[in-house]
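One structure below.
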Amino acid sequence: MNELRCKVLVIGGGPGGYVAAIRSGQLGLDTILVEANKLGGACLNVGCIPSKALIHAADAAHGLREPRAFRALGLSVGAPKLDFARTIAWKNAIVTRLTNGVGALLKKAKVRTLLGTATIVDGKTATVTGDTGETRISAEHLVLATGSESAELPALKFGGDILSSTDALKLTEVPRSLAVVGAGYIGMELGMAFAKLGAKVTIVEALPKILPLYDSELTQPVVRRLAELGVETLVGARALSFAKGALHVAAADGKERAAPADKALVAVGRRARTSGFGLESLDLTMSGPFVHIDEKCATSMRNVWAIGDMTGEPMLAHRAMAQGEMVAEIIAGSKRAFDAKAIPAICFTDPEIVAVGLSPDAAKAAHGEVRVGHFPFRANGRAMTLQDDEGFVRITARADNHVVLGVHAVGAGVSELSAAFSLALEMGARLEDVALTIHAHPTLSEAFHESALAALGHPLHI
Ligand code: FAD
Ligand code: NAD
């Protein structure tokens, strides 16, 4: 068996683990990263990036199939033809470019990368079984970043026509009909994309509304777009079984329904990956199914750290990356804690939804009286020139000192506004700070400016 020693051993090369390793290497710490599958983890290989590539392709295909918008511009196009295998090859090329990039960045930071599955021996030792045999690694610090995997339903086990999100992103043909179980992030993003690619989509959600994480005001435009796309939505419903061609569902009224389904995508959440590689032997304190961590991402064992999806919600790549960067800096001697004012959440539906900080109801519950300002995109010139003026920006601030507590938006392309919203919260901005900042014209960001003016009682363009 090969023997290696290092200061920092990172297990898992997803956004949490690879960022921890890069930063650790940059800080001069002798670092080894072990990845069982492919660098980039769920995010780059089967998550954030491939799903957004598919959404982009679906938007393009849908635009050509529904040429009303083009006609308004004086453009006409012929009947489109989709070679979906080629779409997937294009998506895969983006993934390869990014994962190769991660390998190069690790090398640049002088991180040693081992491909193989790590098994934990104790809090300072792991063995790795890979192509080059078995290696025993001893480290001063162990960073756990093993991520998560799709959760199954007992009646709908993955395999054949029952798909996880990973399977759905590998399809080389668009199914004629697709039933989606779960109207959360994955179900809504991929469900809408497949509907635009031409599948007959039915979405089955156990709770009384789609995207239960977001308030109804934000999800209304998405509900409308689902109807326009011909997507059937069964809320308050339970998926019972799948048989060739149909998903059987107990609908909200108690009646059984059969949704047409050449394939069924099950997207009912993700399960932390905390077993099967010796983690149990450390007997770490757990928070339910997740590894318990404090504000420094320290576990209950000294010099054992945990980051990313295995540590719980929100299971988002940017949270994992921020934790990874912070842990490397703490190991290198910095005094840091994870005290972000807000972790932005974006759902890449049509239209997109952005949530940063508290909703008006949550803000009221936490801080008492609040001021809320809305600005609709139908009064925003840039939205009109982009032919999509659905949605709004909503700002929520304390009534007493006007400190911004939350900014939410729904609309085409609003994901790119999330940085401005997060910065406002992180800098402790007041409504007046946003109102006195000059926002470039014509941009969607003017709706953010106007939402602050509206909360102060004097919007200009409505
Ligand atoms: P992971 O990315 O899961 O990486 C963990 C890595 O550890 C894996 O590569 C795995 O192979 C490796 N590993 C596990 N066990 C071992 C072991 N014993 N030895 C060696 N290696 C091991 N988040 C967003 O912020 N925005 C999005 O738009 C978004 N879209 C998504 C779309 C989909 C379809 C999915 C599934 C997820 C999406 N996410 C998104 C969530 C995001 O992918 C995760 O939050 C993120 O990948 C978590 O990073 P991580 O480093 O904690 O774990
Ligand atoms: P999710 O938690 O977002 O949604 C799961 C949905 O399934 C919920 O609405 C839930 O009520 C429903 N559900 C649960 N059991 C059900 C059942 N038996 N029948 C019908 N509905 C049921 O989970 P997800 O969509 O699988 O995504 C997993 C995680 O991946 C998310 O929590 C998110 O953190 C991450 N993700 C993020 C993005 C993004 O940031 N844009 C995109 C995709 C995934």
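The values are calculated or read from the model by the stated rules, or taken from the named source; none is laboratory data. Keep in mind the model is a prediction, meaning the values are calculated, not measured. Backbone-built Cβ (ideal geometry, glycine too); neighbour counts: all protein chains shown. Keep in mind that these areas ignore ligands, DNA and RNA; they rest on the heavy atoms of the full protein, side chains included. Shrake-Rupley method; radii C 1.70, N 1.55, O 1.52, S 1.80 Å.
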*Looking at 245, 236, which one is more than 30 Å from residue 396 (Cβ to Cβ), in contact with a Pro (Cβ under 8 Å, 6 or more places away or on another chain) and away from ligand 1 (no atom under 16 Å from the Cβ)?*
245
_Single condition residue 399 does not satisfy, out of (1) aliphatic (A, V, I, L, M); (2) surrounded by fewer than 19 Cβ atoms within 10 Å (Cβ to Cβ); (3) in contact (Cβ under 8 Å) with a residue 40 or more places away in the chain_ = (3)
_Could you check the range 173-192 and list, in sequence order, the residues that are away from ligand 2 (no atom under 13 Å from the Cβ) and either in contact with a Lys or Arg (Cβ under 9 Å, 6 or more places away or on another chain) or of a type in the set (Asp, Glu) (or both)?_
173, 175, 176, 177, 178
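Yes/no matrix, rows are residues, columns are (1) more than 23 Å from residue 350 (Cβ to Cβ); (2) hydrophobic (A, V, I, L, M, F, W, C); (3) in contact with a Ser or Thr (Cβ under 6 Å, 6 or more places away or on another chain):
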{"position": "77", "(1), (2), (3)": "no, yes, no"}
{"position": "94", "(1), (2), (3)": "no, yes, no"}
{"position": "105", "(1), (2), (3)": "yes, yes, no"}
{"position": "119", "(1), (2), (3)": "yes, no, yes"}
{"position": "137", "(1), (2), (3)": "yes, yes, no"}
_Can you list residue pairs whose Cβ atoms sit under 7 Å apart, with the first residue in the range 44-60 being in contact (Cβ under 8 Å) with a residue 60 or more places away in the chain and within 13 Å of residue 97 (Cα to Cα) and the second being more than 11 Å from ligand 2 (Cβ to nearest atom) and assigned to a helix (DSSP H, G or I)? Count only pairs 6 or more apart in sequence or on different chains._
50/91; 50/95
*Scan the range 425-432 and give yes if some residue there is among the hydrophobic types (A, V, I, L, M, F, W, C), more than 18 Å from residue 347 (Cβ to Cβ), surrounded by 14 or more Cβ atoms within 10 Å (Cβ to Cβ) and without any contact (Cβ under 8 Å) to a residue 24 or more places away in the chain, otherwise no.*
no
*Quick check: is even one residue across the range 115-125 in contact (Cβ under 8 Å) with a residue 24 or more places away in the chain, exposed (fewer than 14 other Cβ atoms within 10 Å of the Cβ) and within 16 Å of ligand 1 (Cβ to nearest atom)?*
yes
*Given (1) within 10 Å of ligand 1 (Cβ to nearest atom); (2) of a type outside the set (D, E, K, R); (3) without any contact (Cβ under 8 Å) to a residue 60 or more places away in the chain; (4) crowded, with 18+ Cβ neighbours inside 10 Å, index of the condition residue 183 fails*: (1)
*Taking residue 82 and the conditions (1) over 22 Å from residue 225 (Cβ atoms); (2) open to solvent by 70 Å² or more (accessible area, probe 1.4 Å), which numbered condition does it fall short on, given that it satisfies the others?*
(1)
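Yes/no per residue for (1) of a type in the set (A, V, I, L, M, F, W, C); (2) assigned to a loop (DSSP other than H, G, I, E, B):
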| residue | (1), (2) |
| --- | --- |
| 384 | yes, no |
| 387 | no, yes |
| 390 | no, yes |
| 406 | no, no |
| 415 | no, no |
| 422 | no, no |
| 447 | yes, no |
| 458 | no, yes |
*Going by the conditions given, is residue 328 within 16 Å of ligand 2 (Cβ to nearest atom), of a type outside the set (Asp, Glu), at pLDDT 95 or above and under 30 Å from residue 27 (Cα atoms)?*
no
*Name, by its number, the condition in (1) farther than 20 Å from residue 85 by Cβ; (2) crowded, with 22+ Cβ neighbours inside 10 Å that does not hold for residue 190.*
(1)
*asked:* Of all residues being touching a residue at least 24 places away in the same chain (Cβ under 8 Å) and of a type in the set (Asp, Glu) in the range 189-228, which is farthest from residue 267 (Cα to Cα)? Just the residue, please.
replied: 217
*For the range 137-159, does any single residue satisfy the condition of being among the aromatic types (Phe, Trp, Tyr), outside any loop (DSSP other than H, G, I, E, B) and modelled with pLDDT of 95 or more?*
no
*Kindly indicate whether any position in the range 328-347 is more than 24 Å from residue 120 (Cβ to Cβ), open to solvent by less than 10 Å² (accessible area, probe 1.4 Å) and away from ligand 1 (no atom under 12 Å from the Cβ).*
no
*asked:* So, in the range 258-285, exactly how many residues are away from ligand 1 (no atom under 16 Å from the Cβ), surrounded by fewer than 18 Cβ atoms within 10 Å (Cβ to Cβ) and not β-branched (Val, Ile, Thr)?
replied: 4
*Provide a single number: the residues in the range 1-21 that are outside any loop (DSSP other than H, G, I, E, B) and buried (at least 24 other Cβ atoms within 10 Å of the Cβ).*
11
